[in-house]
């Protein structure tokens, strides 16, 4: 790429001047200035690499111009620039395909400069990648199917989205109920993306004590010793923030800076460190509601949203259940040295009809338990015990004997903790032999 | 006391005084006309245009550090958008007064 062409579409002379001045300092950039949307559209034939588009233009709205640009060239990056009061409107345009928005202040030219630099380097990288043999569609599907198993329409739709996510570097937000394999999707996309040579670092935000989270993510400088955080360790790769939910304001601001400027400051550190990281978040929370309630910053919400991926629940892809059950059964038997066991047709049907509120994780647990308690190589419906009472309220609604309640509680915990007998025994403060005995006697 | 403050503009310029002067020149060249248009649109009861122009010059007013107009220009934009015509005369008067003072200050400084 010889020259990186940038369109500045701005009717405010002051800002147009400021943006042009800053960008023109780089001899690799050629800046074109337009004061109306129509002028910009008429000159798209010049093949710009980036468009900086003011939201309020005299002839067409920024939204209209953006849509028209996207119709003519969906791949062309467009940055929305708006006065601060219009951020709420402008961020909505991210969903229309804008790559970013910049509020008008004294930092706008510098931010646009960095953005142009990153896009230029991405474009150059893409040119290089196109010269290398990439993964074919079939190979990509094969890669995905190693992590996310299924043939249902919901999974095929998911693969399509994963393909798009693999070929771009956009922030990824993976939404879905617990146990829907959000991490598996994140890993599959990472492994099929140009970032696969960098690290994949997963941070379960709920697994880390609040007071240690900032250091873990951003690193720290203690007594002249530098401890890099997840974002630095993953430089060139991916950080997957799992269980993303409410974070304190300071952390939200720091994550926003990484997403917006590619920079961070270590705890107790002074220097700003540049990082090149793709962020993926997994969550079962309604982040939009968090944003609306004010607990999640609006600008962070829209940055995180990036490319949203909705994970299908297992009930939405119940045709995949038999295939998944066989897969996990085989895997569990091999891992534990059990003879090969197969599910009978009726067993598969029983599984298929169950709603699996705990999704794939619950299915794994159910299948593992069946493998443990079955004495035969054939696993029938009688070997499969399903957890149909997940809440205490539901547990108590159905009258039972004390022994029955005990069995259901233990079964619930076994599902919750992936059939880890030692952990469940510890949690319930009972002997592990009690659980093994109950399993063998098919009491649970 | 000066009616403007170039701290933000200088931060943007990163030490390039020629750029600061150029930006001041652009401001002087365009803003009087825009303020005149706001006044004219108001007299013609064209409030959407008043709001749009107020919105347009708002970032330049912020950039030039004209603190006294920071709220005024936003109120003009909002009131015009909400058709609250009665509130506008005093705000537009204030806009004209302060802008004139800013121009006097800048001219004085440039002449010095």
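Which numbered condition trips up residue A:331, out of (1) assigned by TED's automatic domain parsing to the domain that holds residue A:151; (2) free of Cβ contacts under 8 Å to residues at least 12 places away in the same chain?
Of the numbered conditions (1) assigned by TED's automatic domain parsing to the domain that holds residue A:151; (2) free of Cβ contacts under 8 Å to residues at least 12 places away in the same chain, the odd one out for residue A:331 is (1).
Would you pick out the residues in region B:10-25 that are more than 7 Å from chain A (Cβ to nearest Cβ) and in a helix (DSSP H, G or I)?
Of everything in region B:10-25, those that are more than 7 Å from chain A (Cβ to nearest Cβ) and in a helix (DSSP H, G or I) turn out to be B:10, B:13, B:17, B:18, B:20, B:21, B:24, B:25.
Can you find even one residue in region B:31-49 that is surrounded by 16 or more Cβ atoms within 10 Å (Cβ to Cβ), on the phi < 0 side of the Ramachandran plot, in contact (Cβ under 8 Å) with a residue 12 or more places away in the chain and facing another protein chain (nearest Cβ under 9 Å)?
For region B:31-49, residues surrounded by 16 or more Cβ atoms within 10 Å (Cβ to Cβ), on the phi < 0 side of the Ramachandran plot, in contact (Cβ under 8 Å) with a residue 12 or more places away in the chain and facing another protein chain (nearest Cβ under 9 Å): present.
Looking at (1) within 10 Å of another protein chain (Cβ to nearest Cβ); (2) free of Cβ contacts under 8 Å to residues at least 12 places away in the same chain; (3) closer than 14 Å to residue A:13 by Cα, which is the only condition residue B:52 fails?
(3)
Go through region A:26-80 residue by residue and tally those that are crowded, with 17+ Cβ neighbours inside 10 Å, within 34 Å of the chain's Cα centre (by Cα) and within 20 Å of residue A:117 (Cα to Cα).
Qualifying residue count for the region: 13.
Quick one: would you say residue A:106 is assigned by TED's automatic domain parsing to the domain that holds residue A:28 and at pLDDT below 80?
yes
Considering each of B:49, B:104, B:79 in turn, give the residue that is out of contact with any helix residue (DSSP H, G or I) (no Cβ under 8 Å at 6 or more places or on another chain) and assigned to a helix (DSSP H, G or I).
On the way: B:49 fails: out of contact with any helix residue (DSSP H, G or I) (no Cβ under 8 Å at 6 or more places or on another chain); B:79 fails: out of contact with any helix residue (DSSP H, G or I) (no Cβ under 8 Å at 6 or more places or on another chain).
Every option except B:104 fails the conditions.
The values are calculated or read from the model by the stated rules, or taken from the named source; none is laboratory data. Bear in mind the structure is a predicted one, so any value in this text is a computation, not a measurement. Cβ sites come from the backbone with ideal geometry, for glycine too, and all protein chains shown count toward neighbours.
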